[in-house]
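Scroll down for the structure; my scribbles are underneath it.
Readers should treat all values here as calculations from the given coordinates under stated rules, not as data from a laboratory. These numbers were taken from a predicted model, which means no experiment stands behind them. Positions of Cβ are backbone-derived with ideal geometry, glycine not excepted, and every protein chain shown enters the neighbour counts.
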Amino acid sequence: MSPIRSATAALTSAVLAATLTACQLGTEEQDTSPIIIAADLELSGPGAPLGKTYQRALELKAEQLNSSGALNGRQIELRVKDNRSDASESLRNVTDFSTDPQVSAIVMGGCNECAMGAVETVNGQQMPTVALAAAEAIGSPATERRYVFKLAPSAPDSAEALAVELHRNKIGEVGVLRSDDAYGEEGLTVLEAALDKADIEVRGVQTVRATDTDVSSQITALTEDEPEALVLWARAEQADLAAVAARKADYEGALYFDASAAGELFLGTTAQAAENATMVFTQTMVIDDVIATTPAKAARRQWFQDYTARFGGYHGSSSFAADALQLIADAAVRSGSSGDKPDREGIRAVLETTQMDGLSGPIRLTPDNHSGLMPQALTTLVVRNGRWHLAG
């Protein structure tokens, strides 16, 4: 054999041996690129209390996932923008995120109009997006919202649960204060249908805007008809105002809160006015009342404790943001998406077939249903001694 052929053969053998050894030892190069997830949140304006809750939850969950080793050596990188509780600003943020080739997916906050206004852009840019707002039009019909998913209590589920609870307590007539937005309009429609089935009369309806800081006129109008209960279908800030206004007006009937009214675990200055009030929401809000008999319940309790330890209190909606981040991170890993060039279609496809016992409760997404939180996630809570507790 010539010296050249001998040297070539030796080199080939060495390369082959090195390759085989690397394969055998599992030392092939690992993808350590970051998973970049963007967030469009209400960090100023009327939606700021909820938007800041979502930001805290996203940051805490990202920190937990990054330190867990569950992402196969990768790390989540959050990119957060304030939409100022304005749909136009939100659309600019979403457009910027969507045209950034490094961004794998977007989490949107609690602004219904923002999420609904971004649907066309999100679909056009093929950007997987999980919205934390509640309006059904965000994720439905799923065939026209291929890249949009929703993770919040749905109005029909909340309405049905409220109607069951009102009927159980032999309430025959109610007044309704609803938010002046898409979720409030949708909510009134499904609530009236659910109450009609339960033979409960709606005596009056008033609306409240997210910017309202005084709802006494609406409450006065509702209580003039002397309904047996008031249903407060509005954000936490306006629902709290309504509870205080009702008691100041000497209204002695029952108060029922929709899931959108969930806020802090401890009610603070509204505690006395809201005593014995009922709310339909997820069990995680009061998981310290629950014995952790399953891994899912244990995880919810741990989240509750971690969030409380970090921020000095618990906000009910924090788990939705944490679950959204978990869904996206899992989809990025399972799809094999690289941080250098995220496989957005792969992430979308995984999201669309996800089943998870999340921090908020059971989550199921299908090609026909992009609203993930299952009805079974909702339970009945009641205010006792200034904080929410599990009813019963």
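Determine the equivalent ellipsoid of segment 40-199 by diagonalising the alpha-carbon gyration tensor, then write out the semi-axes as square roots of 5 times the eigenvalues, largest first, rounded to whole Å.
Details: eigenvalues 215, 65, 46 Å².
After scaling each eigenvalue by five and taking roots: 33, 18, 15 Å.
Dipole magnitude of the chain about its Cα centre, charges +1 at Lys/Arg Cβ and -1 at Asp/Glu Cβ only, in debye to the nearest 20?
On the way: 32 positive and 53 negative charges, 313 e Å.
Dipole of the chain, to the nearest 20 debye: 1500 debye.
Among the DSSP beta bridges whose two residues both lie in the chain, what percent are antiparallel, rounded to the nearest 5? If you can, show how the numbers build up before the last one.
Values: 16 of 53 bridges.
Looking only at bridges with both residues in the chain, the antiparallel portion is about 30 percent.
Starting from the 7 Å offset along Cα-to-Cβ, what nm value, one decimal, do you get for the label separation of Gln302 and Asp225?
Using points 7 Å along Cα→Cβ, the separation is 4.9 nm.
For segment 37-127, take every pair of Cα atoms, bin their distances at 10 Å starting from 0, and report each bin as a whole percent.
18, 46, 29, 7
Hey, if you put +1 on the Cβ of every Lys and Arg and -1 on every Asp and Glu Cβ in segment 183-248, which of Leu241, Ile200, Ala221 ends up farthest toward the positive end of that dipole?
The residue sitting farthest along the positive end of the dipole is Leu241.
Inverting the mean 1/r over all pairs of different Cα atoms, compute the Kirkwood radius of the chain and quote it in Å. Don't skip to the answer; put the middle values down first.
Working: mean 1/r = 0.0449 Å⁻¹.
Final number for the Kirkwood radius of the chain is 22.3 Å.
Rounded to a whole number, what is D in µm²/s for segment 304-391 from Stokes-Einstein with the Kirkwood radius over alpha-carbon pairs (4 °C, 1.567 mPa s)?
Numbers: Rh = 15.0 Å.
Diffusion coefficient, whole number: 87 µm²/s.
State the answer as a single residue: which of Ala137, Phe149, Gln102 lies farthest towards the positive end of the charge dipole of the chain, with beta carbon charges of +1 for Lys and Arg and -1 for Asp and Glu, about the Cα centre.
The listed residue farthest towards the positive side: Gln102.
For segment 104-146 and segment 212-236, what is the separation of their Cα centres, given in Å?
Centre-to-centre (Cα) distance: 31 Å.
Report the longest stretch of the chain that contains none of the GluC sites (Glu not before Pro) sitting in a DSSP loop with at most 14 other Cβ atoms within 10 Å. Walk me through the numbers on the way to the answer.
On the way: sites that count: Glu28, Glu29, Glu224, Glu252.
It works out to 30-223.
Expressed in whole Å with the largest first, what are the equivalent ellipsoid semi-axes of segment 281-338 derived from the C-alpha gyration tensor as the square root of 5 times each eigenvalue?
Numbers: eigenvalues 120, 37, 19 Å².
Equivalent ellipsoid of segment 281-338: 24, 14, 10 Å, largest first.
Dipole size in debye (nearest 20) for segment 214-335 around its Cα centre, Lys and Arg Cβ +1, Asp and Glu Cβ -1? Don't jump to the answer; show the numbers that get you there.
Numbers: 8 positive and 17 negative charges, 161 e Å.
With Lys and Arg at +1 and Asp and Glu at -1, about 780 debye.
Any idea what Rg and Dmax come out to for segment 167-311 if you just take the C-alpha atoms, in Å?
Cα only, segment 167-311: 16.4, 49 Å (Rg, Dmax).
Compare the Cα positions of Ala331, Tyr307, Gln355 along the charge dipole of segment 288-392 (+1 at Cβ of Lys, Arg; -1 at Cβ of Asp, Glu; about the Cα centre) and return the one farthest towards the positive end.
Checking the options against the dipole of segment 288-392, the answer is Tyr307.
Pairs Lys297/Lys341; Lys81/Lys150; Lys150/Lys248; Lys81/Lys341; Lys61/Lys81: which are spaced more than 26 Å apart, C-alpha to C-alpha?
Working: Lys297/Lys341 36 Å; Lys81/Lys150 19 Å; Lys150/Lys248 37 Å; Lys81/Lys341 22 Å; Lys61/Lys81 18 Å.
In this structure, Lys297/Lys341; Lys150/Lys248 lie more than 26 Å apart at Cα.
Under 23 Å from the Cα of Lys197, which lysines turn up, not counting those fewer than eight places away in the same chain?
Lys170
Between Ser67 and Asp340, what is the label-to-label distance in nm when each label sits 7 Å out along the Cα-to-Cβ direction?
With each label placed 7 Å out from Cα toward Cβ, I get 3.1 nm.
Report the calculated FRET efficiency for Lys170 and Asp250 (r = Cβ-Cβ distance, R0 = 30 Å), to the nearest 0.05.
Details: r = 22 Å, r/R0 = 0.75.
FRET efficiency, Lys170 to Asp250: 0.85.
Which loop trypsin sites (Lys or Arg not before Pro) in segment 109-177, with loop taken from DSSP, have no more than 14 other Cβ atoms within 10 angstrom of their Cβ?
Numbers: sites: Arg145, Arg146, Lys150, Arg168, Lys170; in loops: Arg145, Arg146, Lys170.
Passing both the DSSP loop test and the Cβ count: Lys170.
How tilted is helix 3-25 with respect to the longest principal axis of the chain? Cα atoms for both, answer in degrees (0 to 90, nearest 10).
30 degrees
Would you pull out the residues with amide H under 5 Å of Thr379's amide H, same chain only if 5 or more places away, H placed 1.01 Å from N?
So Thr379 has HN proximity to Phe281, Thr282, Gln283.
5 Å is the cut-off here: which amide hydrogens, built 1.01 Å from N in the peptide plane, fall below it relative to Glu201, excluding neighbours closer than 5 in sequence?
Under 5 Å from the amide H of Glu201: Glu173, Val174.
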